[in-house]
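For reference, the structure is listed below as structure tokens.
The values are calculated or read from the model by the stated rules, or taken from the named source; none is laboratory data. Keep in mind that this is a model prediction, so the values were computed, not measured. A quick note on method: Cβ atoms are made from the backbone with ideal geometry, for glycine too, and the neighbour counts reach across all protein chains shown. Accessible surface areas use protein heavy atoms only, side chains included; no ligands, DNA or RNA. Shrake-Rupley method; radii C 1.70, N 1.55, O 1.52, S 1.80 Å.
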Amino acid sequence: MMRDPPGIVLVRSFRSRDWSVHTYRYVVLLVTFIAYTSYHASRKPSSIVKSVLNSNNVESGGRNAYPWPVGDVFSVRELGNVGEDKGWAPFDGEDGTSKLGEIDVAFLACYSIGMYVAGHLGDTLDLRLFLTGGMTGSGIFVGLFGMGYFWNVHAFWFYLVMQMVAGLFQATGWPSVVAVIGNWFGKRKRGLIMGIWNAHTSVGNISGSLLAASVLEYGWGWSFIVPGAFIVVGGIIVYLFLAAYPEDVGFQFLNGSGDTETTVPTDVEALQNEQPKETKEDGRVLQSASGNRRSIKLIEACMIPGVIPFALCLFFSKLVAYTFLYWLPFYLSRTAIGGEYMSVKSAGNLSTLFDVGGIVGGILAGYISDKLKARATTAATFMYAAIPSMILYHIYGNASKTTNILLMMTTGLFVNGPYALITTAVSADLGTHSSVRGNSRALATVTAIIDGTGSLGAALGPLLTGFLSTKGWAFVFGMLSLGALIAGLLLSRLVIAEIAERAHKPAVSGQHNPRADASQPLIHDQRQQH
């Protein structure tokens with residue numbers, strides 16, 4: 001059996017008894033929230049420091065030329081010691097912007113590729129130790145990027161390599177935290193819980209911006225070192241307090257991972273009052289150590305019905321979402337809203353409301369999918385609704401700032417809602433599905449396949465936008481609308497299966513299971529055919 005987390009062992013020694021399953025769930029939610037908040041925080045420094053590394057990105061006019069939160073919030077004196085007047089070689093030339101873009105693409109490419117490997121390793125190794133190592137490695141290489149300032153490094157390959165290796169370590173995060181949440185929470189309220197929990201993405205983006213900007217005046221290197229230290233501290237918290245598997249702390253079959261179908265409770269709430277490490281009359285502990293389970297192979301995970309359609313759907317969903325993430329501030333600063341052009345600082349502030357709508361969308365999508373027990377239908381509906389919302393935003397968003405805000409938040413709701421749902425609840429559903437029952441681990445692998453495929457789209461969208469925007473923003477929004485349409489269509493087969501199940505008419509003849517999850521009808525039918 002895996003060794004208990006040291007922090008939990010220490011707490012037990014003071015309390016002389018173990019936590020209840022409720023307390024473990026709260027701790028798991030908190031620790032994983034902190035973990036992925038620190039992951040996203042460590043990704044933000046490059047966006048804050050770009051205006052310093054390449055002086056062409058900075059408007060004239062002193063410290064107030066910097067976008068939020070660098071401007072009036074933190075700059076108590078002129079930023080003369082940062083080196084923003086001349087930039088930082090090799091990013092200060094005419095091709096500096098291109099080189100910064102190459103670093104971003106290299107990071108996302110390594111992140112996407114590393115996701116597939118990290119998912120399998122996460123299901124093979126102890127998730128707590130794997131996540132701790134990934135966070136520590138991320139912090140080290142993010143910090144080394146910043147050390148280039150103090151070491152006076154001006155070689156492009158140095159910064160490129162640091163970002164590429166950091167991207168590989170960053171890939172350890174998402175499959176691991178989703179796997180842990182999936183281990184502890186059943187499917188009944190998983191969508192709502194994960195919709196709220198997924199707010200760590202926005203919290204991490206905001207905290208990373210604040211951390212990087214708060215020390216920028218002392219040298220841009222500190223903007224990487226401080227967030228790097230933050231994720232290392234998060235890794236220590238994970239090592240001390242994260243119980244990655246319920247069975248490792250005495251809860252058996254908490255998420256339906258038992259040996260036989262008859263012993264698996266349909267709903268995790270049935271075990272809420274169970275005490276950890278209870279024993280039978282013969283003294284045997286009622287638990288199955290996670291170390292006894294085998295990991296699932298990558299090909300096996302791909303064969304789980306629903307994995308490939310959702311992975312391809314997320315490819316196009318992330319393509320749309322990340323295009324807004326990378327290009328929305330630029331679009332706002334180049335578009336006359338109410339007859340006036342806004343500054344870079346104002347555009348940066350205004351664009352954060354897209355993420356606010358996204359948080360609401362993630363929670364709403366999770367809640368609706370729980371109520372309807374239809375993940376695919378919910379995700380597809382949101383993607384279809386994103387099409388008119390993006391078109392309306394492009395046509396009428398320049399009417400006034402109020403109109404722009406309302407349409408932008410609405411667009412963020414529909415764009416980010418399915419993205420959040422697929423990367424959290426759907427991944428956890430498929431990773432704990434009955435087709436992989438029997439002492440197997442699939443959560444991290446399935447999550448890696450889905451989110452890794454989606455991350456390829458995240459890299460492609462902004463890249464295409466850079467080309468299409470030169471021909472006109474109508475082409476960009478046309479591409480985004482097409483991407484949303486394809487994302488919805490890719491889920492059509494699963495949507496039909498869900499509708500048929502809800503109408504008590506399975507799409508293919510077979511025994512009906514009224515308590516199956518959203519993708520269960522399709523899975524059950526395929527197993528019947530074989």
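What the table below lists for this structure:
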| item | result |
| --- | --- |
| Residue that is nearest to Ile450 (Cα to Cα), among those in region 108-154 that are of a type in the set (A, V, I, L, M, F, W, C) and not in a helix (DSSP H, G or I) | Leu125 |
| Failed condition for Trp220, given (1) part of a helix (DSSP H, G or I); (2) surrounded by 23 or more Cβ atoms within 10 Å (Cβ to Cβ) | (1) |
| Output for region 147-163, where each listed residue is of a type in the set (S, T, N, Q) and open to solvent by 40 Å² or more (accessible area, probe 1.4 Å) | Asn152 |
| Contacts under 6 angstrom Cβ, first residue in region 370-392 being in contact (Cβ under 8 Å) with a residue 24 or more places away in the chain and assigned to a helix (DSSP H, G or I), partner among the polar types (S, T, N, Q) and open to solvent by 10 Å² or more (accessible area, probe 1.4 Å), 6 or more apart | Ile387/Ser481; Ser389/Thr410; Met390/Ser481 |
| Selected residue (only one of Ala179, Ala166 is assigned to a helix (DSSP H, G or I), closer than 25 Å to Val27 by Cβ and open to solvent by less than 20 Å² (accessible area, probe 1.4 Å)) | Ala179 |
| Members of region 451-474 that are within 14 Å of the chain's Cα centre (by Cα) and charged (D, E, K, R) | Asp451 |
| Test result for Leu30, at pLDDT 85 or above and not aromatic (Phe, Trp, Tyr) | yes |
| Residue that is farthest from Ile337 (Cα to Cα), among those in region 383-406 that are in contact with a Leu (Cβ under 8 Å, 6 or more places away or on another chain) and open to solvent by less than 40 Å² (accessible area, probe 1.4 Å) | Met383 |
| Phe414, sole failed condition from (1) farther than 17 Å from Leu491 by Cβ; (2) among the aromatic types (Phe, Trp, Tyr); (3) buried (at least 24 other Cβ atoms within 10 Å of the Cβ) | (1) |
| Hits in region 1-46 - residues which are open to solvent by 30 Å² or more (accessible area, probe 1.4 Å) and basic (Lys, Arg) | Arg3, Arg12, Arg15, Arg17, Arg43, Lys44 |
